[in-house]
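The values are calculated or read from the model by the stated rules, or taken from the named source; none is laboratory data. All figures in this text were calculated on a predicted structure; none of them were measured in a lab. Cβ sites come from the backbone with ideal geometry, for glycine too, and all protein chains shown count toward neighbours.
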Amino acid sequence: MWMGCIACAAIILGVLALVLWYLISIGRQSVNLAFFAQDPQPYGADGYPGGMRNALVGTAILVGLASAVGVPVGILGGVYLSEYRTRAWLTETVRFTADVLAGVPSIVVGILGYELLVVPLGHFNGWAGALALAFIMIPIVTRTTEEMLHLIPGSYREASIALGATKARTIVRVVLPAATGGLITGVMLALARVAGETAPLLFTALGSRLLTFDPRYPFPSLTKQIYDYATGPYAEQKQQAWAGILILIVLIFSFNLLVRLFTRPRQFRA
Amino acid sequence: MSSTAAPASSKGVASESPHHSSFRTARHRRAYRSDKILEVVATGSATALLLLLGALVAVLVYAAVPSFRTFGLAFLVHSEWRPNELERFKRDAQGQIVKDQDGEPVTETIPPAFGALPVIYGTAVSSAISLTFAVPFSLGCALFLVRIAPRSTAKPVSFLIEFLVAIPSIAYGIWGLYILAPFLQQHVEPPLNAVFVSVPGLHWLGSDATTGRDLFCGSLVLAIMVIPIITAVSRDVLRAVPRAQIEGTTALGATWWQTSREMLRYSRSGLFGAIMLGLARAAGETMAVAMVIGNVNQVRPSPFAAAQTMSSLLANEFAEASSDLHRAALLEVALVLLVMSLLFNVVARWLVVGGGQASGAGGH
Amino acid sequence: MNRLLHTAAAAVLALSASFASGATRLQGAGSTFVAPMMQRWVTEYQKQLPDVQIDYQSIGSGGGIKAFIEKTVDFGASDAPLNKKEFSQAGGEAAVVQVPVIAGAVVPAYNLPEFRGELRLDGPTLADIFLGKIKNWNDPRIGALNPGAPLPSLGITPAHRTDGSGTTFIFTNYLATQSQEFKDRVGAAKQVEWPGGSGGKGNEGVTQVVESTPGAIGYIELAYALQNKVPFAVMKNADGQFVKATSDSASAAGEQAVRRMDANNAAPLWNQHGPNVYPISGFVYVFVRKDLSYMQDKPKAQSVAAFLMWATHDGQQLASQLDYAPLSAAVQARAAKALSQLNWSGSALTSALR
């Protein structure tokens, strides 16, 4: 029977290897300088198919904007859950809500973004996409922040108070810096998750074939562009989609690797 | 959102009393104020989470109201999803065209009809099939990680499995579309279909066409996507089984498998929770499924028939719903999806956390 | 730390604003049918006027109409003209300018690996295929249309659109003229309930379904079939002639169009009579609001009018390169007349251009 378990693990890893090998091998052929340096060109035009520069920049901007909202709210929420907890019912409810929100299908988040941010504004826009991504980030960052702050021994806080610092000072100058590694872990996990999302962007940012820095209008993203190309018939665009997927996977893999590197040296003996 | 009045009520860390003699200096008043500000801001951020969930539910319910009013609860069991009106000749009971007094055929307009049964069916069956494939592999792998693998192997394998969780859904979709679907279409589905069709009693499982883009392919892709989640959580749950339990069972003469079975039985509520988390992900998964499931709103018993899940329906139709009623119907589907995933997550959390505590393991 | 945040915020706002004020940005959305042509027009127009950036989102005719009604785009494109309800949602027929910009052909593309030569089909057979009544390629009805060409025993998978589509509108309207049962059971609209088959999003998606599924048959725009070298069937037209879809045969369908045009410049091009007329043809319409002052950006309004005028006149020269059917001179005249109604609070936008 134990051989069966080894077989299970081997099969799972085997499938992973299959999936990754396929994506890497087809992606490798299509990644070139043009991919990073050029914007998409339509079929029949000079320079077809161009590249995915606009989508790479677009995802970077969307994730950046999402973090600008999601990271502070998430970290502060985690701070509340770990350090303040002024009312038991609030703390429990917030913690529960964070767990529950983390499991909401991302397409439903996209629909919320559409109803609240696209319809009133009058058009698809990048802000709606960024905020939908922030919606997904916040519960993740909140919970990981709380967990990481819990790992900091109480003695740190007590020593700080004993030296005359206020609670706020303790948190900002002592606790948070001590947990930096863990906080970065949480943020990076959230970033990696959000960078790979497509569904929330389908009807918020919509997508664009132009290089643009203006989130008030439809905004390109790597995942949406990959989806469009992959479900289309044009062979050259499909190759671009493979390259895009490879870049995305490399990005996410490196984030996960960095997370591992960060968590190891900063383990506290509880 | 106001912070507590009495500073002494906050747990863990005492804050400065405003009546302390040194509070008279401006510096201390500033410090106390910043204390309050941080508390308010942190509480506000935490409350923001409640607002996010509230907004989600409120907006969906509000926008789905026209659909509630038109279809009522029958929405969940009707299988016709027709966004267009049908203009056709009115026919009587014998099928003859009805004519008015001038001898002209009478036309009738059938309004659009929306029923969520096909997508509820698609989500339910694809999730169920995916779990059937995923659970045995996941539990086997979790047992491997906890009981068999040495530390040096368990760590990288765990990392790789957690990396599987992080792979974006669209990557699985592309792999499914270009590798799995053609493979199924050429090598797996025709022979299986032939078997179904020829065996009496099983022929309802057969299908006219086996395209590889169907419920079966969607379920397999989902299975691959939920295996890492179930494995990761099961591994944590199994790790929390007390050594005393394992040693006791072995001491009573149990074989390796009997002990493992005992571990599984001991942590069954946590394992159910892990499975439910996998189920929640399977039900909510959009992109990978939308690319391989065939995108047809129909209820067919064959796994080789094209289907649609709630999330793939939304991905396909939401951006240009052709009428207000269509949009309301889609929003009602989104609401059903939300409620379902919330339910799964709540139950999963209760099982994993509650079950863990009941069996003596730590909280998180 | 504060300084850094302030500077960063200022930089972001500045970047954002600078890109807002520089180029004129037009947003269009809709039909995937016209997307290859539209993309080409956009590229050519931007070569001539680099200050104008036009973004066309290929989201399906239904999406284009919806976006146009909600004013989330500057112009919408659709192979299905606006119906009464959509006109009233957009502010009434008097508030909207609807012009045909190009004509195209919808072809039944198929995937029959061992079949050589050109498949022939007629309307009633095609309708029955999409109704699910003809399930296998070796059906005698298909064989009767293709004497001497052996057809394999292979299940038929009809591929259709999952999104709101003008291509579906043209195709279902054609089939509704060919089969009463199709008209009664499925109907003719942008989005219908197809009995079975496989769904794809956009012309792109259906093309991909057909390409990758042996035995599939799907309805797509001619340009997609040609660009991706997907074989398509030759159709029997209303006069009994088997006609292959080309730029010319779609144009032939458009010849009669002006006579049939309604007050809003819409005309059905399917199932027309005449020599060498391809039976599954249709116009692509673009809609804009007549009074563009709601844009609150006069240069932008002028750009919209100029672009549309260019596309319906100079842009037509590019049509046959991409296997679309250019507008006949009579239709162009009507388009010009309609576009001349574009105004900014009453003052015409197009008089300065022609």
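Answer yes if at least one residue in the stretch A:197-206 is within 8 Å of chain B (Cβ to nearest Cβ), in contact (Cβ under 8 Å) with a residue 12 or more places away in the chain and of a type in the set (D, E, K, R), and no otherwise. Within the stretch A:197-206, one or more residues are within 8 Å of chain B (Cβ to nearest Cβ), in contact (Cβ under 8 Å) with a residue 12 or more places away in the chain and of a type in the set (D, E, K, R). Against the conditions (1) buried (at least 20 other Cβ atoms within 10 Å of the Cβ); (2) more than 24 Å from the chain's Cα centre (by Cα); (3) acidic (Asp, Glu), C:Glu118 satisfies every one except (1). Residues in the stretch C:116-152 that are touching a residue at least 40 places away in the same chain (Cβ under 8 Å) and assigned to a loop (DSSP other than H, G, I, E, B): C:Glu118, C:Leu119, C:Asp122, C:Gly132, C:Trp137, C:Pro152. Is one or more of the residues making up the stretch C:293-304 within 20 Å of the chain's Cα centre (by Cα) and assigned to a helix (DSSP H, G or I)? Taking every residue of the stretch C:293-304 in turn, at least one turns out to be within 20 Å of the chain's Cα centre (by Cα) and assigned to a helix (DSSP H, G or I). B:Asn316 - would you say it is at positive phi and either within 13 Å of chain A (Cβ to nearest Cβ) or in contact with a helix residue (DSSP H, G or I) (Cβ under 6 Å, 6 or more places away or on another chain) (or both)? No: the conditions fail for B:Asn316.
Of all residues in the stretch A:35-92, those that are within 13 Å of chain C (Cβ to nearest Cβ), part of a helix (DSSP H, G or I) and hydroxyl-bearing (Ser, Thr, Tyr) total 1. Of C:Gln208, C:Gln256, all but one fail to be over 17 Å from the mean Cα position of the chain (by Cα) and either crowded, with 18+ Cβ neighbours inside 10 Å or among the hydroxyl-bearing types (Ser, Thr, Tyr) (or both); the exception is C:Gln208. Within the stretch A:102-111, identify whether any single residue is in a loop (DSSP other than H, G, I, E, B), buried (at least 22 other Cβ atoms within 10 Å of the Cβ) and on the phi < 0 side of the Ramachandran plot, and answer yes or no. Yes: the stretch A:102-111 contains one or more residues that are in a loop (DSSP other than H, G, I, E, B), buried (at least 22 other Cβ atoms within 10 Å of the Cβ) and on the phi < 0 side of the Ramachandran plot. Among the candidates B:Val299, B:Val353, the residue that is surrounded by fewer than 24 Cβ atoms within 10 Å (Cβ to Cβ) and within 10 Å of another protein chain (Cβ to nearest Cβ) is uniquely B:Val353.
Yes or no: C:Thr157 of a type in the set (Val, Ile, Thr), under 19 Å from B:Thr211 (Cα atoms) and either within 14 Å of chain A (Cβ to nearest Cβ) or touching a residue at least 60 places away in the same chain (Cβ under 8 Å) (or both)? Judged against the criteria, C:Thr157 is a match. What about C:Phe242, is it among the hydrophobic types (A, V, I, L, M, F, W, C), surrounded by fewer than 18 Cβ atoms within 10 Å (Cβ to Cβ) and either over 30 Å from B:Asp208 (Cβ atoms) or touching a residue at least 40 places away in the same chain (Cβ under 8 Å) (or both)? It is true that C:Phe242 is among the hydrophobic types (A, V, I, L, M, F, W, C), surrounded by fewer than 18 Cβ atoms within 10 Å (Cβ to Cβ) and either over 30 Å from B:Asp208 (Cβ atoms) or touching a residue at least 40 places away in the same chain (Cβ under 8 Å) (or both). Among the residues of the stretch C:321-354, write down those that are farther than 19 Å from C:Phe287 by Cα and surrounded by 15 or more Cβ atoms within 10 Å (Cβ to Cβ). Correct list: C:Leu322, C:Asp323, C:Tyr324, C:Ala325, C:Ser328. Identify, by number, the condition in (1) at pLDDT below 85; (2) crowded, with 22+ Cβ neighbours inside 10 Å that B:Ala358 doesn't meet. Going through the list (1) at pLDDT below 85; (2) crowded, with 22+ Cβ neighbours inside 10 Å, B:Ala358 breaks only (2).
Please work out which residue is nearest to the chain's Cα centre (by Cα), limiting yourself to the stretch C:322-345 and to residues that are part of a helix (DSSP H, G or I) and in contact (Cβ under 8 Å) with a residue 40 or more places away in the chain. Across the stretch C:322-345, the extreme among qualifying residues is C:Leu322.
Residues in the stretch C:232-265 that are farther than 30 Å from C:Val210 by Cα and part of a loop (DSSP other than H, G, I, E, B): C:Gln256, C:Met261, C:Asp262, C:Ala263, C:Asn264, C:Asn265.
Every test in (1) among the charged types (D, E, K, R); (2) closer than 30 Å to B:Leu313 by Cα; (3) touching a residue at least 60 places away in the same chain (Cβ under 8 Å) is passed by B:Glu108 save one, and that test is (3).
When C:Lys229 is tested against (1) within 14 Å of chain A (Cβ to nearest Cβ); (2) crowded, with 24+ Cβ neighbours inside 10 Å; (3) not in a helix (DSSP H, G or I), only condition (2) is not met. Taken as a whole, the structure leaves C:Gly104 outside the set of residues that are within 14 Å of chain B (Cβ to nearest Cβ), buried (at least 24 other Cβ atoms within 10 Å of the Cβ) and touching a strand residue (DSSP E or B) at 6+ places or on another chain (Cβ under 7 Å). How many residues does the stretch A:207-223 contain that are at pLDDT 90 or above, under 17 Å from A:Gly50 (Cα atoms) and either within 7 Å of chain C (Cβ to nearest Cβ) or in a loop (DSSP other than H, G, I, E, B) (or both)? The total comes to 2.
When the residues of the stretch A:20-54 are filtered to those that are surrounded by 20 or more Cβ atoms within 10 Å (Cβ to Cβ) and in contact with a strand residue (DSSP E or B) (Cβ under 8 Å, 6 or more places away or on another chain), the one that is nearest to B:Ile174 (Cα to Cα) is A:Met52. Among the helices (runs of 4 or more DSSP H) confined to the stretch B:147-238, the ones with at least 1 residues that are farther than 21 Å from A:Thr223 by Cβ and more than 7 Å from every other protein chain (Cβ to nearest Cβ) are located at B:151-166, B:189-198.
Residues in the stretch A:1-21: is at least one within 24 Å of A:Leu211 (Cα to Cα) and more than 7 Å from chain B (Cβ to nearest Cβ)? Within the stretch A:1-21, none of the residues are within 24 Å of A:Leu211 (Cα to Cα) and more than 7 Å from chain B (Cβ to nearest Cβ). Here B:Gln258 clears all of (1) in contact (Cβ under 8 Å) with a residue 12 or more places away in the chain; (2) within 11 Å of chain A (Cβ to nearest Cβ) except the condition numbered (1). Under the condition of being loosely packed, with under 15 Cβ neighbours inside 10 Å and small (Gly, Ala, Ser), the residues counted in the stretch B:193-207 number 3. Among the residues making up the stretch C:164-184, those that are touching a helix residue (DSSP H, G or I) at 6+ places or on another chain (Cβ under 8 Å) and at the interface with chain B (Cβ under 8 Å from one of its Cβ atoms) are C:Gly164, C:Lys183.
Only one of the numbered conditions (1) facing chain B (nearest Cβ under 10 Å); (2) in contact with a Phe, Trp or Tyr (Cβ under 9 Å, 6 or more places away or on another chain); (3) at pLDDT below 90 is not met by A:Ile226, and that is (3).
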